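Single-structure report; data block below.
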Amino acid sequence: MEIIQKYFTDLTDEQIEQFGQLEALYKEWNAQINVISRKDIDELYIRHVLHGLAIAKVQPFTAGSRILDVGTGGGFPGIPLAILFPEVQFVLVDAIGKKIKVVQAVADRIGLTNVSAHHMRAEKVKGEFDFIVSRAVTNMPDFVKWVRKKVAKKQNHELKNGILYLKGGDLTEELKDFIKAKLFPIPEYFEEEFFETKKVVYLPLKYKP
């Protein structure tokens, strides 16, 4: 938990408490439904919580905006971002129902009222969003196909509406057709070795009715 406060120094008491509850909750659920790998559960705050919060370093979300988390798994990056931005609405979706069950249970237990979790594929999601976030659920060309008609027209942020994607490794080939994509290396924000090759990929998308 200290690792979160190291990089986010202005958390409220409620946010500190919410972040602090995550480890016990995920360990409890992981014993029933394996939503986080065994080796990662002991590194929850670095490998899942802080990793997801890298998106907030690239683009803090403004109050009233809407964020879609596609392939959220156990709730990452959506749950940590929802704690950090309580005045932002988050829609978390995953094609695996048991994972969404965990997401909803965690959100309910820590009192997140700005999260809705849904068992569905990304293509079926209705509505428009300022940003679509995700953590390496598929390659970028396929991901863009899933979400390209879900971007809101109105701009509320410094970055234009689009995708904020957590990905690692060499992305040259994967992003060759996306000339507007911009890479934000996570080591610019967090010094832990785990983030050495990891990035936030930003891709602006035009509104398509």
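Please enumerate the residues belonging to region 145-172 that are open to solvent by 20 Å² or more (accessible area, probe 1.4 Å) and on the phi > 0 side of the Ramachandran plot.
The one that is open to solvent by 20 Å² or more (accessible area, probe 1.4 Å) and on the phi > 0 side of the Ramachandran plot: G169.
A quick yes/no check of all residues on (1) touching a Lys or Arg at 6+ places or on another chain (Cβ under 6 Å); (2) touching a residue at least 24 places away in the same chain (Cβ under 8 Å); (3) over 21 Å from L92 (Cα atoms):
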site	(1), (2), (3)
D142	no, no, no
N156	no, yes, no
G162	no, yes, no
G169	no, yes, yes
K176	no, no, yes
K182	no, no, yes
K208	yes, yes, yes
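The values are calculated or read from the model by the stated rules, or taken from the named source; none is laboratory data. Model, not experiment: these values are computed from the prediction. Don't worry about glycine lacking a Cβ; one is built from the backbone with ideal geometry, like all the others, and counts go over all protein chains shown. With ligands, DNA and RNA removed, areas are computed over all heavy atoms of the protein, side chains included. Shrake-Rupley method; radii C 1.70, N 1.55, O 1.52, S 1.80 Å.
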